[in-house]
Each structure stands twice: as structure tokens, then as C-alpha cells.
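Below is one structure, written out as C-alpha cells, with a few remarks after it.
The values are calculated or read from the model by the stated rules, or taken from the named source; none is laboratory data. Bear in mind that the values here come from a model prediction, so they are computed numbers and not experimental data. So basically every Cβ, Gly included, is an ideal-geometry build from the backbone, and we count neighbours across all protein chains shown.
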Amino acid sequence: MDSILAGAAPVIDDGFPATKLFSQGYSYTYDDVIFLPHYIDFPADSVRLDTKLTRNIHLSTPCVASPMDTVTESAMAAALAHLGGVGIIHSNNSASDQSALIRAAKARRFPSLSDPIVVSSSDSIASVSEFGSSPCILVTKTGAKNSGLLGVVSKSDWLAMDDVNNKEARVSDYMVKSPVTVPSSYSFEDVAGYLANSKLDFVAMVDEGSGEVVDVVASADVERIKGYPRGGVPSLGADGKFLVGAAIGTREADKERLEHLVKAGANVVVLDSSQGNSSYQIEMIKYVKRTYPELDVIGGNVVTMYQAQNLIQAGVDGLRVGMGSGSICTTQEVCAVGRGQATAVYKVSSIAEQSGVPVIADGGISNSGHIVKALVLGASTVMMGSFLAGSNEAPGAYEFQGGHRVKKYRGMGSLEAMTKGSDARYLGDKEKLKIAQGVVGAVADKGSVLKFIPYSMQAVKQGLQDLGASSLQSAHDLLRSGVLRLEVRTGAAQIEGGVHGLAITLTMSSPITMVSEESTVEETSLHLKSTETSGSSHTERIPSSSLSALSRNAALTSSAKVFLVT
């Protein structure tokens, strides 16, 4: 009986199948649609999120870090791979710099480790300005991390030195030669156990074959990482190192860049374009598949079945879906071209699955509910920008604005990013007049992705459980068969589905400025504090876009009182 209930179409005709909902001529965003719950006969923890990034690359976590210069460099790529996802290194830099970021990400054995100071045997003690939070000084053959290890200097030995300002004294004179190391094949549990048993403050991990230093793990790192929730199975390439992707354009110079990236160890390449259905991208797809047949290539961006069909016929291994749906993207307003992300994901997935090409839902992800919707509508993975930009692993330093810790976040279509080189993504690198299709702003501090991604994935599992889907493939099957039903939410329904009907206080913080080419838009961060009589208070952030909705709702609901404190 259970299996019949779980797999059968509803006896009562309630809601709409996706085929009908997405054929009415409307362009829907994630917030516009809602799934109706189905039948549950399994626990949330049994839901499997393993998926495909491309035809040939499997992931245990359906998360991809966007190739943006304020989102994905080596730290983010290593962290996402550790969690079972993948990061795509941006190309808004030189080929050598991008290759160095790939090597740095793949060189990591674990994410979120304290970086050691690395010097050569000829470097003087005076060349090390300060020890900082580094666990040790590594002395290698070349003075770079991925090189043969000659010795180490611990922090305690450094502090005990009398001649740290002696320009003649060399670090190698004070190093411990042939230090204790562990093989790079050790798991985190192996290294943690070794440090605990040996009572060491740190240990270097060395590749057994090359003798090169891969990472340094400190006892403090072990305690911090132990506190993180468990993610998926780490994403590793055939070489046993972290799976790392890289973005390139479609220019002739990108063929030379690609050669550098392949040598650096890139496992997958993303053709980075806001409009992927072009002769330039089709030619580049064919070039990549002809020159590097073992390298998977992801094409895009696309939002229509026609666009997708052209790239599939050209030979792509994955499709990136989205145009103008990102929080910092203005393509739909500036160019009047694009599509609501929910509709785009559903339509493109419908044709892509016929050829076995996985879809990456790129943009429009603000919460775990959006991830659920993207995946159930047909995507195999979700690509995130702003969702990750405020994390510790995102490039850049934190700043304080209006008393809040934030990080810079900009669209690759912003003039600021275009000036640095991303204009090729918008086919405008040869144009004298640059048309901005993005803005520059800031996002709030989110902490480490090693913490909030596992929590988000648990929420995704619970969402799939409510739909009666025990896996992503199961969700896709239920949607295509018409078992899963959807409805369109009115504005009032969206308000009802959010925080509402409380006696609340909205405290307006100082605005974070969003800068576009033509104007300045003020986006305000809000805090919501419950004043219910239970005696407990709970504070959480809500987007400024919800202010008008909350105000309207308060006017219509006699039990709600809204106080604006400016």
C-alpha cells in the first residue's frame, strides 16, 4: 500500500502538473511557485543528494561555487570540494594567476587550515616580518609550498630566537631538519589521531611520490574542523586531489589559457558567457572536445530549449542555466532579455535530460527553499554566488558598514569587473562603450561554508522528504510523471508563507550601497525581533524587499503591529 501511495498520481485532481503550469506563457521565478506535499514513508536522513555535475563527473553534494572574482578562488574551491561539491575558479585574471589558484586549491588536503609561512633555505630571518597565526615556518627547496621539504621552524622556537632582526642569519640555520611528517593520503581522522597521540602542535603532510609538501595541519585546526557539521563525500579527481573547475571565455586567447589550466589540473571547464547560444561558444565547445577529449566542458548560459539544443548538439557535457536572475545582475532590465529562473530551469532540463546532459541552475538562490525548487524542477546542481559571497572562504577582506561585517560582492557584468577583464563574458571586450549588466555591493558575513552548507543541505533533504522524493532522480521522476503538483503563489500567499502576523520591531541599519552605471540604489538590511509573550526573543535577518510586503500585511492584519525605528 505504501509504495502505491508513494508512486501513484493523486486520486483527487489537486494542483497542476509542471507540464501545464509552465505552458501558460508566464515566466516564473522560484518565489512564484510552490510544490504541494506528497506522501512520506522514509526519514529525512535517508534522502540522497548525490548527483552529476556533467555527463562524467559525480558529486555527493549538489552545490557549485560560481566563477566570480568575489566568490571563488582557491579557498572556496577547496572548501566546496571537501563538502562534496565543486568550485569554479574565475577567469577575471591572467592565465598564470588562474592556474596558480587551481594548483593551490588542488594542493590542499583539507580546507580551512592555517597557512604556514613558506621560505627557501637562503631566506634570512629578517625576511619573515611576523609570525601571525601561522603554525610554523616551512623551509622548502623553492620557497613555495608545493616543493620538497627541508625543515621547519615552530612558533615556540621562533619566539625564543634572540636575533630575529639579524639580516645575516638564515631561517635554515634554526630549522629542524628532516621533521616528522605524515603521508598526504591520510584522512582527517588519521591526522587528528596522529597529532593527539604524538602531542605535536602541527604536522606537515607530504606526497609520498614527489616528496612535496601538500598541507600543514595544526592541532588548533583539528579542533575547529571537528566542530563543523559533516558534509558529503569529498569530490576528488582521478589524481586523488580535490576536484576543481575553471572558467574560460570564447576568444582565441582562451585557447592558450585553456592549455595552462589543463596543465594546472583543472578537472572541468566552464565556458563563461551571459548568452551561450553563439557561434563563438559552439566553436569553442568543439575545439575543447577535439583537443582535450577527456576534459568535460559546461556550456551556457542558456534559458531556452532552443539555446540548449544547439549547445547539446555541439557536444557539451553540462549546461548552465540562468540569465539575469542573479541578485547583482541587471541583464533583464538593461537588455530586456532573459527568463524567470524557475521556468528556465524546467524548460531547459526537459530537453537536456533526453540527451543525458545535467543542468546547473545558476542564479536566483537566496535560501534552501530555492535550492529545493531548482533541483526538483530538473537541475542536477545549483550554482551560487551571493549565497556564498559573505563566507570566510570568499576572496577579499571583511569590512564594517553600519555596524555590520560585510564582504564586497559584485556582478561580473558590473563596470568595475568589466574593467578588470570580464567584458569578454558579455561579448563586449572589443567595444569602446561598455554597457553595465551588473552592480557592485556587499553581503553580510555568513561565517564558513563548512558550517552553513551542511545545514542548508539538511534543509534540502527535509524539503525532498515532504515531496516524497528519496533522491534527486526520484524527484525528477515524480515531477515528469505528474505525481508532484505545483501552484502559483499570489503576492498575498508569498507574504503568508514568510514571517507575518507577529508584533515585531523592524530596526533599520545603515544602508549598504549598490552601485550601477547610471544610478545608486540603497538596499537596507533589516533585523526582525519577535516580541511574543513567550518570554523568548528570536532575531533573524530579512531582506529589504520584504519591508513593503510586511507593511502591507500589517495594515491588513489587526493583530500585527509594526514599528519602524530609523
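Could you identify the single residue in 337, 297 that is touching a helix residue (DSSP H, G or I) at 6+ places or on another chain (Cβ under 8 Å), on the phi < 0 side of the Ramachandran plot, among the hydrophobic types (A, V, I, L, M, F, W, C) and crowded, with 24+ Cβ neighbours inside 10 Å?
Working: 337 fails: crowded, with 24+ Cβ neighbours inside 10 Å.
From the options 337, 297, the qualifying one is 297.
Test residue 221 against the stated conditions and say whether it is buried (at least 19 other Cβ atoms within 10 Å of the Cβ) and among the charged types (D, E, K, R). Before you say what the answer is, go through the steps one by one.
Numbers: buried (at least 19 other Cβ atoms within 10 Å of the Cβ): yes; among the charged types (D, E, K, R): yes.
The answer is yes for residue 221.
If you scan region 34-58, which residues turn out to be surrounded by fewer than 23 Cβ atoms within 10 Å (Cβ to Cβ) and among the aliphatic types (A, V, I, L, M)?
34, 36, 40, 44, 47, 49, 57
With respect to residue 61, is the statement that it is over 27 Å from residue 257 (Cα atoms), in the same structural domain as residue 462 (by TED's automatic domain parsing) and either crowded, with 24+ Cβ neighbours inside 10 Å or touching a Cys at 6+ places or on another chain (Cβ under 7 Å) (or both) true? Break it down stepwise before answering.
Numbers: over 27 Å from residue 257 (Cα atoms): yes; in the same structural domain as residue 462 (by TED's automatic domain parsing): yes; either crowded, with 24+ Cβ neighbours inside 10 Å or touching a Cys at 6+ places or on another chain (Cβ under 7 Å) (or both): yes.
For residue 61, the condition - over 27 Å from residue 257 (Cα atoms), in the same structural domain as residue 462 (by TED's automatic domain parsing) and either crowded, with 24+ Cβ neighbours inside 10 Å or touching a Cys at 6+ places or on another chain (Cβ under 7 Å) (or both) - is met.
Please determine, by comparing only the residues of region 135-158 that are among the basic types (Lys, Arg) and assigned to a loop (DSSP other than H, G, I, E, B), which one is nearest to residue 121 (Cα to Cα).
141
Give region 62-71 a look and list any residue that's within 20 Å of residue 409 (Cβ to Cβ) and either in contact with a helix residue (DSSP H, G or I) (Cβ under 8 Å, 6 or more places away or on another chain) or among the acidic types (Asp, Glu) (or both), or say none. Break it down stepwise before answering.
Residues of region 62-71 within 20 Å of residue 409 (Cβ to Cβ): 63-71.
If the condition is that a residue be within 20 Å of residue 409 (Cβ to Cβ) and either in contact with a helix residue (DSSP H, G or I) (Cβ under 8 Å, 6 or more places away or on another chain) or among the acidic types (Asp, Glu) (or both), then 63, 64, 65, 66, 68, 69, 70, 71 are the ones that fit.
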